[in-house]
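Each remark here refers to the structure printed beneath this line.
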Amino acid sequence: MTAKLLEVEDLRVAFDTRRGTVEALRGISFAVPAGGVLGIVGESGSGKSVASLAVMGLLDRAGSVTGGRIRFDGQDITHAGGAELRRLRGAALSMIFQNPRAALNPIRGIGRQIADVLRAHRPLTRAQARDKAVALLEAVRIRDAARRADAFPHELSGGMCQRVMIAMAMACEPRLIIADEPTTGLDVTTQKAVMDLLAGLTRERGMAMVLITHDLGLAAQYCDEVTVMEQGRVVESAPPGRLFGAPREAYTRRLVAACPTPSSTIAGLTPDAPPLPAAPVPATLPPGTPLLLEVQGLKKRFPDGTLAVDDVSFTMRPGESLGLVGESGSGKSTISRMVTRLIDASEGEIIFEGESIGAIPARDFHRAPQRSQVQIVFQDAGESLNPRFSAFDSIADPLRRLAGLRDSASLRRAVEDAADGVGLPRALLDRYPHQLSGGQRARVGIARAISVQPRLLVLDEPTAALDVSVQAVVLQLLEKLRREKGLAYLFVSHDLNVVRMLCDRLIVLRQGRIVEEGDSARVFRSPAAEYTAQLIAAIPHFRPEVVEA
Amino acid sequence: MLAAAGRRVGGRLLAAIPAVFGVVVLTFLVMRVLPGDPAVYFAGGPSAGQAEIDALRAEMGLDRPVPVQLMYYLRDVATGDLGRSLTTGQPVMTDIRQRLPASLELTFTALLLALVAAIPLGILAALRPGSAVDHVVRFLCTMGVCMPTFVTGLLLIYVFYYLLGWSPDPTGRIDIFASTPPEITGFLLLDFALTGDWDGWRAAFTQLILPAATMALFVLAPLARMTRASMLAVLGGDFIRTARAMGLPGWRIIVVYALRNALLPVLTIAGIVFSTMLGANVLVEKVFSWPGVASYALDALQASDYAPVQGFVLLMASIFVVVNLVIDLLYGLADPRAVAE
C-alpha cells in the first residue's frame, strides 16, 4: 500500500438542528497520497464542504463526527483535542476558503495576518515574520509586496485577496492544503491565474491538495483523481479522464451532461427533458420589420467619476437573443439596467420599437406604456424576491400594477398561466421564497417577468447562483419560452459557454467598451479580439472525447 | 491624512451648528410655555405686591414680546453670556464651570467601570452562548436595567455605608472636613494626583465609587448585551474560521481577531450611553448629594429659573456633538474601512 497522507474512512457527520439530527455525511471514504491532488465535486448540499471542515476539526458546535476515521500522516485525528489540532492546523494541513475577502480579517493589514500564522507555529521575531510575509506575498506574485503588506483586504481585489489567502495557507509549508471553492465568485481569467498559481506552488513544494468545487471543468483540469459526492455519499471516484469520459453512475452521467462545454447544446444538457419546440421565429425576418431595440452611443458616468459604460451601440431584432459577455467591471450589468430603464444613461439613445425610451427618466418609467414590454430577471433569485411575498404575490404584483388586473379570478388565472409557463407547480404558489429551492425561486423570478407578456426580456446572470443541474433546467426553460412566445432576450453573463448556447449573437465587453461583436458560433470558433481569445482559453473544461482513449 | 481628518472635523462641527441652534431656540420657547412665572417666584411668592412683581418682570425683560426676548437671548449666547441664575445669583457660565467637572468625573468613572465589567462579561457570554455564564450575565444585566438608579444607589449606601461601614458618608464629592486640592482641572482625582496628595486621592475615590457604581450598573446592560451580540456575530465570521484553520492560539483569535472587530459597534453604543448618562444621572446626583450640573438644572427648573435650564440644555447639545465627533474619529482609527468613504 502506498503511503497515504490523508485517509478518510466511512466518515459520518451529523448536525443537531431544531428539526432533529440531520446526517450531512453518511459514510464517505477518500484518500490523498503525499503530493497528490484530489478533487471533490458535488452540488450544494452534497456535503463536500462539511467533509473538509470535518478533516480540519472546524465543524461548528452543532456538528459532530458520529462515526468513521480520519487519519493524517498515519495519525488518527478523528477526535483530536484542541491543542493537538492547533499544532497541526496551518503547520501540517491548511485551508483556503471561498469568498477570500470575507475570509480575511477586515481591520488587520494582510502582512500582519500572514505574520500571525508564521508566529503561531515558529519562533520568529516580529521583524523576521514580517520579512517572511513579504517574501510570501512575492511568491504569490503580488506586485510591490513590501508596500502592499500594509494594505487592508478592502483595498485589494478579490483575486488578490485569494492570493493573500494562499500565502497564508502556505506560510508554514504544510503537507496538505484543502481548497474549498477557492475561485467561486472570481472572473474566469482571475480564476485561471489563481488556480495556476495554486497548482504550481503546491507542485513545486510537494504539497498535496484537496480541491473542493462545483465546477467539473476545474476539477478535471487540476486533479489527478476526482471524487463525486451527492447527498452525503460518495457516488464514484476515478481519474478525471475516466470519470468524465465514461461515468459509471447515473448521477455522474447527469452531472457531466449538465456541465456546459464548448460543444454542448441546451438540449444536450438535460437529455431526459422533453424536446424543445421548433423555433417559430423565422431566421430571416421580412425586410422592413422595425428593430425591437436600438441602442446608440450609450454612456454611463457614475457620480464618483468612473465611466462604467463608454459609447456602446447595438441593435436587436424581434425574437432575437443577444448575449452581453464580460468580466466584473465590464459594464454589462449597468447596460442591462439602463436598457430596462432602472437607471438613467449619461449620454446616448435607447429606442424601443421606434420610440425613444431613453428620454423618459428612470423614476417615471414605471408609468410608461413600455414598462410591461421591457422586463428583467435578476441574478440572485432569492434576493430579488420580496421575502414577505408568497410566490403568488410576486407574480401577481406586475399584473396588478402594469396590466391593471384587479378582480381576483382573472388575476389568479393569469398567475397560474405564468406559473404553468415556467413549470412551477401550482401547489408552490402559496410558499414564501425561503420555502423554495434555488431552481424554484429562479422560476418565480422568470414567471414574474413574463407574466405581463413583455417583448424584450433582460436576463442578468439568471443562472450564476445555481447548481449546474439546475442551471441546465433553467436554460432549457428559457429556450422553450423564447421559442413559444417569440421573446427577445438580452442575456447578460460572464459565462461564455452559456451565452453561446442561448444566444444567436454576442457582444464582448471590457471596461465599458465593446471589444468584439458577432455571431456566437463564429466568435467562439475564431475570436477576432485578443481579449475574447483569452476569455475562451480561461474557461476550465474537460474534453471527454479527447481524454478517454 | 491629517489635513483630511481636520477637514472632516471642521465639516462635522459646521454641520452641527443648525442642530445646536434648533435646540437653543426650542428650549427657549418651551421654557416660556411651561407654567410658572419666575417673577412671582422670585418676588417672594403670591404675597408680594403686584407692583413689585411687575417691577421685577420689567427688570428681567419678561414684559417684552417673546420673539424680542429670543433675539436678546441669542445675541447673549453668541457672545458667550448664558445669563445669570436667579437661585445662585451667579452667572450661569460660572455655575456650570464649577459643577461640570463633578458630573464629568462621575460619568467618566461610571463609564469606565461599566466598560471594564461589560466587555469581559459580554465576551464570556458570547463564547458559551446558552451556558450558565450566559444566563448569569443576562440576569445581571436585567437587574441593572430594571432597578431605578435611586433604588440601586440607596441599596448600595445601605450595604456599604450602613451595614458594612466600608464607604464614607455618601454626601458630596469629598468629606466636608477634608481639604480640597488646588483647582487645576476641577477633576478631584486628577488634581489630587497632580499635587501628589494620595490620602486626599483615596478620600475622593472612596466618595466617588458608590455613585459611579450605581450609574455603571444602570448602563451595564446595553454595553454587555452589545458586546455579546457583536462578539457572536464576529465569531461566526469567515475570518475567524480562517484564523482557526491557520492554528492561531485561542486567546489571540478572541482578543486580536474577534474582539477588535466586535468593539466597533460597542464604541458607538458607548458614545450614546455616555451622552445619556451625563443628563440622566440627575437621580444619582440627588441621592448622593453630588454637586453636578444635572441636579443644578433640576433645581433651576423647579424654580422656573430660565437661564440655567437653557444653559444646561445648550451644554448637553454641545457635549453630544463633541462626543459623536470623538466616536467618529475613534471609529476612523479603529476601522480602516471607515476612512475610505
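The values are calculated or read from the model by the stated rules, or taken from the named source; none is laboratory data. The structure displayed is predicted, hence computed values, not measured ones. Backbone-built Cβ (ideal geometry, glycine too); neighbour counts: all protein chains shown. Note: accessible area is taken over every heavy atom of the protein model, side chains too, but ligands, DNA and RNA are not part of it. Shrake-Rupley method; radii C 1.70, N 1.55, O 1.52, S 1.80 Å.
Numbers at a glance
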| read-out | value |
| --- | --- |
| Electrostatic dipole magnitude of the protein assembly as shown [Cβ: Lys, Arg +1; Asp, Glu -1; Cα centre; debye, to 20] | 1360 debye |
| Residues A:Arg253 and A:Val22, FRET efficiency given R0 of 41 Å [Cβ-Cβ distance, rounded to 0.05] | 0.90 |
| Spherically averaged projected area in nm², based on the convex hull that wraps the Cα atoms of region B:189-268 | 7.7 nm² |
| Order of exposure, largest accessible area first, which applies to A:Asp467, A:Asp196, A:Asp460 with probe 1.4 Å | A:Asp196, A:Asp467, A:Asp460 |
| Under the span-like rule (Cα at least 24 Å along the axis, Kyte-Doolittle mean at least -1.0), DSSP H helices of chain A | A:468-485 |
| Listing of region B:311-341 residues, each with accessible area lower by at least 20 Å² in the full protein assembly than in the chain alone (probe 1.4 Å) | B:Pro336, B:Arg337 |
| Sites B:Leu26 and B:Val151, calculated FRET efficiency, Cβ-Cβ separation with R0 25 Å, nearest 0.05 | 0.20 |
| Alpha carbon convex hull of region A:4-259, projected area averaged over orientations, nm² | 14.0 nm² |
| Residues of chain A: accessible area per residue with a 1.4 Å probe, Å² | 43 Å² |
| Rounded to 10°, Cα long-axis angle of helix B:293-302 versus longest principal axis of chain B | 40 degrees |
| Ratio Rg/Rh, restricted to region B:272-341 and using Cα atoms, in which Rh is the Kirkwood radius | 1.17 |
| Heavy atoms of B:Ile184: accessible area, 1.4 Å probe, square angstrom to 10 | 100 Å² |
| 5 angstrom amide H check on A:Arg505, placed H, neighbours 5+ away | A:Ser321, A:Gly323, A:Ser520 |
| Charge tally in the Cβ shell below 14 Å around A:Arg413, where Lys, Arg are +1 and Asp, Glu are -1, A:Arg413 excluded | 0 |
| On Cα atoms only, tilt of B:260-280 relative to the major axis of chain B in degrees | 20 degrees |
| At least 20 Å² of accessible area lost relative to the chain alone, listed for region B:210-246 with a 1.4 Å probe | B:Asp238, B:Phe239, B:Arg241, B:Thr242, B:Arg244, B:Ala245, B:Met246 |
| Residue-count net charge about B:Leu298 - beta-carbon cut-off 14 Å; Lys, Arg +1, Asp, Glu -1 | -2 |
| Peptide-level mean, for A:107-120, of C-beta atoms on other protein chains within 10 Å | 4 |
| Cα-based Rg / Dmax (Å) for region B:119-197 | 18.7, 52 |
| Dipole magnitude of chain B, debye to nearest 20 (Cβ charges: Lys/Arg +1, Asp/Glu -1, about Cα centre) | 1560 debye |
| Sorted largest first, extent of region A:55-137 alpha carbons per principal axis (Å) | 44, 28, 17 |
| √(5λ) per eigenvalue of the Cα gyration tensor, region B:286-326, largest first, Å | 21, 14, 5 |
| Surface per residue (accessible, 1.4 Å probe) for region B:180-257, Å² | 41 Å² |
| Size of the A/B contact, given as accessible area buried on both chains, probe 1.4 Å, in Å² | 2200 Å² |
| Shape call, region A:22-91: gyration tensor on alpha carbons, a/c limit 1.5 | oblate |
| Solvent exposure ordering (accessible area, 1.4 Å, most first) of B:Trp290, B:Trp251, B:Trp201, B:Trp166 | B:Trp166, B:Trp251, B:Trp201, B:Trp290 |
| Dipole of the protein assembly as shown, positive end: most advanced residue of A:Ile266, A:Gly35, B:Ala212 [Cβ charges, Cα centre] | A:Gly35 |
| Theoretical FRET efficiency, 1/(1+(r/R0)^6), r = Cβ-Cβ of A:Glu530 and A:Ser328, R0 22 Å, to 0.05 | 0.70 |
| Placed amide H near A:Ile40: partners under 5 Å, 5+ positions off or other chain | A:Leu211, A:Ile212, A:Thr213, A:Thr227 |
| Bins of 10 Å from zero: percent of alpha-carbon pairs in region A:422-549 | 10, 36, 32, 16, 5, 0 |
| Label point distance in nm, A:Ala127-B:Ala338, each placed 7 Å from Cα along Cα→Cβ | 3.3 nm |
| Shielding of B:259-266 by partner chains, average beta-carbon count, 10 Å | 1 |
| For chain B: relative contact order, % (alpha-carbon pairs under 8 angstrom, 6 or more apart) | 25 percent |
| Range of Cα positions in the protein assembly as shown per principal axis (Å), largest first | 111, 74, 54 |
| Among A:Leu487, A:Ile446, A:Gln471 - extreme Cα towards positive end, dipole of region A:445-534, charges at beta-carbon | A:Leu487 |
| 14 Å beta-carbon shell around B:Cys146, net charge (K/R +1, D/E -1) | +2 |
| Pairs of alpha carbons in region A:122-261 whose separation is greater than 28 Å (percent) | 29 percent |
| Inter-chain Cβ neighbour average for residues A:91-97, partner chain, 10 Å | 3 |
| Folded to 0 to 90 degrees: helix B:50-60 orientation relative to chain B principal axis, Cα | 50 degrees |
| Area accessible to solvent at B:Cys146, 1.4 Å probe radius, in Å² | 90 Å² |
| Size descriptor, Kirkwood hydrodynamic radius, that averages inverse alpha-carbon separations across chain B, Å | 23.0 Å |
| Region B:152-210 - convex hull of the alpha-carbon atoms, volume per residue in Å³ | 76 Å³ |
| Heavy-atom accessible surface of the protein assembly as shown: percent carbon and sulfur, 1.4 Å | 58 percent |
| Probe 1.4 Å, all protein chains present, accessible-area order of B:Leu124, B:Leu210, largest first | B:Leu124, B:Leu210 |
| Inter-label distance for A:Arg513 and B:Asp76, nm, one decimal - labels placed 7 Å from Cα along Cα-to-Cβ | 6.9 nm |
| Of all DSSP beta bridges in region A:4-259, antiparallel share, percent nearest 5 | 60 percent |
